[in-house]
Amino acid sequence: MGSRVRLVDRQQLFGHRALTIWLTGLSGAGKSTIAYELEARLVRSGFSAVVLDGDNLRHGLNRNLGFSAAERQENIRRVAEVARLMNDAGLIVISACISPLCSDREAARGIVGEHKFAEVYVSTPLAICEQRDCKGLYAKARAGELAQFTGISAPYEAPRNPVLELDTGALRLDESVDMLFRMARHCCSPLAEVERYDHEYHI
């Protein structure tokens, strides 16, 4: 038995469309910092938004997963399924996950839905991410203490056509958040646009 509440009804309630903003990039690129700042700004502006932080999810929902190719794939699948459920509830989701492979991100897009998925590339260069290394992970990876570490001993595939690209080595935090906020506000256009969008895409 399915829900008797349609997505359009939830979007009418919140006054904006649902969306998943998928932040991808290397460890230390600034994804989580940007995600939480964007969440705060969206909520202050009257939007209903929530962050799915990859690191935090690995302490709970995904704590049984390691970093093999299959486990990374499952990690992304679970995050995408949660994002889809939250979108179905009318929320804006900001996902901050390394998600290194194009194929896994495309699978996430397929789960969430093409018209609710905005891929954003946090393109901070590896050298800057290593300089930050606040968790000491790059140092361990360089020393051979961490296997399958993205950017060092495991590949990272940059998005082919991201909606937005943010290099936090060149942009201040407020500049990155400003760009993302404008994008989110456009993609989650207010109530007048909700009905047109839902009719066009038959949601």
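Data for the structure
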{"quantity": "C-alpha long axis of helix 102-112 to longest principal axis of the chain, angle in °", "calculated": "20"}
{"quantity": "For the chain, the longest site-free run once trypsin sites (Lys or Arg not before Pro) in DSSP loop states with at most 13 other Cβ atoms within 10 Å are removed", "calculated": "64-134"}
{"quantity": "Residue-span extension gain [Ala158 to Tyr36] - 0.36 nm each, minus C-alpha spacing", "calculated": "41.7 nm"}
{"quantity": "Global geometry of segment 36-136, whether rounded, prolate or oblate, following the gyration tensor of its Cα atoms and the 1.5 cut on a/c", "calculated": "oblate"}
{"quantity": "Most mobile of Ala96, Ala147, Ala83 in a GNM of the chain (Cα contacts under 10 Å)", "calculated": "Ala147"}
{"quantity": "Using distinct alpha-carbon pairs, which all enter the 1/r mean, Kirkwood radius of the chain in Å", "calculated": "17.5"}
{"quantity": "Segment Arg63-Gln12, extension gain: residue separation times 0.36 nm, minus the distance between their alpha carbons", "calculated": "14.8 nm"}
{"quantity": "Expected 222 nm ellipticity per residue - DSSP helices of 4 or more, -39500 (n - 2.57), all of the chain, to 500", "calculated": "-14000 deg cm²/dmol"}
{"quantity": "Between 0 and 90°, nearest 10: helix 69-88 axis offset from the chain longest Cα axis", "calculated": "20"}
{"quantity": "Reach of Lys31 by Cα under 20 Å, taken over lysines that are not fewer than 8 positions away in the same chain", "calculated": "Lys116, Lys135"}
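Any read-out appearing in this document is the output of simple, stated calculations on the displayed coordinates, not a laboratory observation. Bear in mind the structure is a predicted one, so any value in this text is a computation, not a measurement. So basically every Cβ, Gly included, is an ideal-geometry build from the backbone, and we count neighbours across all protein chains shown.
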